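In what follows, a structure is listed as structure tokens, so that the remarks can point back to it.
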Amino acid sequence: MSGRMVRVNERGLRIGESHPRSKLTDKEVEQLVADRGPDDKPAMSLSALARRWGMSKSGVKGILDGRSRGQIGMHTDKAPTRKDKQPMVRVTLVMSLPERAKLHRNGGSAFVRSLLASV
């Protein structure tokens with residue numbers, strides 16, 4: 001692991017500038033909100049902000065309303081990528097239906113993995 005910290009929400013999904021599709025950094029989002037000014041007397045229009053930041057008006061409005069980039073989240077270690085995960089193989093077992101039901105009740109493949117890890 002590289003030790004890079006990313007921001008995630010309570011479900012473990014990347015948010016903010018840690019999200020792979022984000023266009024603005026967290027500091028740029030803070031600056032966009034500051035450029036708008038107070039709600040009762042905005043300093044810049046949505047159109048002007050959109051032109052300045054190279055976004056659509058609806059994208060700017062989503063940030064200002066909190067629909068997008070509104071989550072705070074916590075920092076955690078970089079989420080594992082496909083390269084970081086161990087390769088898996090498919091295993092076929094032949095068993096009776098009662099044995100299959102017992103395996104399913106015990107957790108299925110996770111149960112088999114825990115058994116193999118303890119060997």
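The values are calculated or read from the model by the stated rules, or taken from the named source; none is laboratory data. Owing to the predicted nature of the structure, the values given are computational and were not obtained by experimental measurement. Glycine also receives a Cβ, built like all others from the backbone with ideal geometry; neighbour counts cover every protein chain displayed.
Would you mind telling me which numbered condition in (1) modelled with pLDDT of 80 or more; (2) closer than 30 Å to Arg113 by Cα; (3) surrounded by 10 or more Cβ atoms within 10 Å (Cβ to Cβ); (4) touching a helix residue (DSSP H, G or I) at 6+ places or on another chain (Cβ under 9 Å) Leu93 fails?
(3)
Across the range 42-75, what is the total count of residues that are part of a loop (DSSP other than H, G, I, E, B) and at pLDDT below 85? Steps first, please.
Narrowing the range 42-75 to residues part of a loop (DSSP other than H, G, I, E, B): 42-45, 54-56, 66-73.
From what's left, at pLDDT below 85: 66-73.
Matching residues across the range 42-75 total 8.
Cβ-Cβ below 7 Å, separation at least six or inter-chain, first residue in the range 50-63 and within 16 Å of Lys27 (Cα to Cα) and in the same structural domain as Val33 (by TED's automatic domain parsing), second among the charged types (D, E, K, R) and surrounded by 15 or more Cβ atoms within 10 Å (Cβ to Cβ): which pairs?
Partner pairs satisfying both residue conditions: Ile63/Arg69.
Within the range 24-40, can one find any residue that is part of a loop (DSSP other than H, G, I, E, B), more than 21 Å from Val8 (Cα to Cα) and among the hydrophobic types (A, V, I, L, M, F, W, C)?
Taking the range 24-40 as the starting set, the residues that turn out to be part of a loop (DSSP other than H, G, I, E, B) are 24-25, 37-40.
From the residues that got through so far, the ones that are more than 21 Å from Val8 (Cα to Cα) too are 37-40.
Narrowing further to those that are among the hydrophobic types (A, V, I, L, M, F, W, C): none.
Within the range 24-40 (the criterion being part of a loop (DSSP other than H, G, I, E, B), more than 21 Å from Val8 (Cα to Cα) and among the hydrophobic types (A, V, I, L, M, F, W, C)), the answer is no, since none of the residues qualifies.
Please work out if Lys78 is over 27 Å from the mean Cα position of the chain (by Cα) and modelled with pLDDT under 85.
Values: over 27 Å from the mean Cα position of the chain (by Cα): no; modelled with pLDDT under 85: yes.
The answer is no for Lys78.
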